[in-house]
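A short write-up of the structure that comes next.
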Amino acid sequence: MKFNVFFKIILSFLLILLMLPICVFATNTTNSDEANDILAVYQTDYEYVASDLFLYDTNIEMSDVVDGNVFAYGSNVKITGEIYGDLFVFADSLEITEDGIVHGNVFTYVTNITVSGIVSDIYAMSDNFNLTDSAILARNLYLYTNTANLSGQISRDAFINCENLSFGDSKDVIIKNNLNYSSKQEAQIPEGSVAGETNYTQVEVTNNNLIFSAILGIIKVLIFSFIIIMLSIWLSPKFKDRACEIMLSKSLKAFGIGLLVLFITIIASIILLIFTYGFGISIALAAIALLILGLAISNTVFSMSIGKLLVNKFNFTKNAAYVFLSLLVVLILELVKFIPYIGGLIRFITAITGLGILCINAYKRINLISKE
């Protein structure tokens, strides 16, 4: 997928903003002499296939030699090529294979991360982080995760905030310098796994931790919505107009249809799974998958319809204004969910209405194609 310059800048900014908290976490832990040997390994005589890459897809495999940075957003991202700049990833899973090499830094907000190749520094937020025995981390690891499993080589220091920390079966030194980690409970560190000092800090749950998690969640939703909005502009430029029209004239109908689709899909899927003796499993799973996808983007669709209403009201003509106002509505909805008692109800109404808008739009498109 190709972006124009404006949206490349916006996407870059959002991805960098997403990693800002962990960069702050690392600022007081970086050694001043770490950059002294950069020029010694810097190369300019390599052949490259592509310059800076901006990638979006469900499944991404980056196998090129990139003379620059790579920005990737998707469900599953696999790095099998060589990157001479930095790697920014926002995805459900990231795998850097044994063939993958990143000469610069890796900045990620990914649910599951597996590193088997060679990288410089890693700044990562994840649910599960796995550094396999073939991995070589040439410099430092800055990690904020739930579960971390370290089996590869970390050439310098590791700074980790986690719930569970474990080491592989290798008897070799894994962290060649110091380990600094924070957790609720002290981990069992195998003897010889850390060559330097091990510094443990016990973590207590405070309001600051909860606020930090909430901010990260909001940033994640904003980036997800930004991608959905951009895809709609690229693939279906008139969708925002149709969504706006439905919101103006058929908002109650959209809510009713969304609610009906939700219950019918669930009931029909259960019937297919139980009473067709296995013959309807594929249909039921497909229906459930479509429902989950629709609900995942429904609040974004609702925000897009409101964003278009605001654009029309204020006579804005640029897509940039539409994107900004739609994201503003997304942000407001994310903040609304923190309101006790009614926040969840409001979110449910907007999500079901967004699902209804999707269904009405799909029906109109199918009917139009049939007539043509």
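We did not get these values from a lab; they are worked out from the coordinates using the rules stated. Keep in mind the model is a prediction, meaning the values are calculated, not measured. Glycine also receives a Cβ, built like all others from the backbone with ideal geometry; neighbour counts cover every protein chain displayed.
So the values come out like this:
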{"item": "Highest to lowest packing among 80-90, 264-274, 167-177, scored as the average C-beta count within 10 Å", "result": "80-90, 167-177, 264-274"}
{"item": "By average C-beta atoms within 10 angstrom, highest first, the peptides 285-295, 310-320, 349-359", "result": "349-359, 285-295, 310-320"}
{"item": "Burial ranking of peptide ranges 335-342, 189-196, 221-228, 155-162 (average Cβ count within 10 Å, highest at the top)", "result": "155-162, 221-228, 189-196, 335-342"}
{"item": "Within the stretch 261-290, chymotrypsin sites (Phe, Trp or Tyr not before Pro) in DSSP loop having at most 13 other beta-carbon neighbours inside 10 Å", "result": "Y277, F279"}
{"item": "Cα-Cα over 22 Å, subset of K78/K238; K253/K308; K250/K313; K253/K318; K313/K337", "result": "K78/K238; K253/K318; K313/K337"}
{"item": "Sequence-distant residues sharing a close amide H with A72 (under 5 Å, placed H)", "result": "L55, F88, V89, F90"}
{"item": "Leading residue at positive end of dipole, the stretch 45-148 (Cβ point charges), from S93, G104, V66", "result": "S93"}
{"item": "Value of relative contact order over the stretch 188-292, rounded to a whole percent, pairs C-alpha under 8 Å and six or more apart", "result": "13 percent"}
{"item": "DSSP-loop GluC sites (Glu not before Pro) across the stretch 196-304, with at most 13 other Cβ within 10 angstrom", "result": "E197, E204"}
{"item": "Rounded, prolate or oblate (a/c below 1.5 giving rounded, otherwise prolate when a/b exceeds b/c) for the stretch 248-372 by Cα gyration tensor", "result": "oblate"}
{"item": "Alpha-carbon centroid distance for the pair the stretch 341-366 / the stretch 279-300, whole angstrom", "result": "14 Å"}
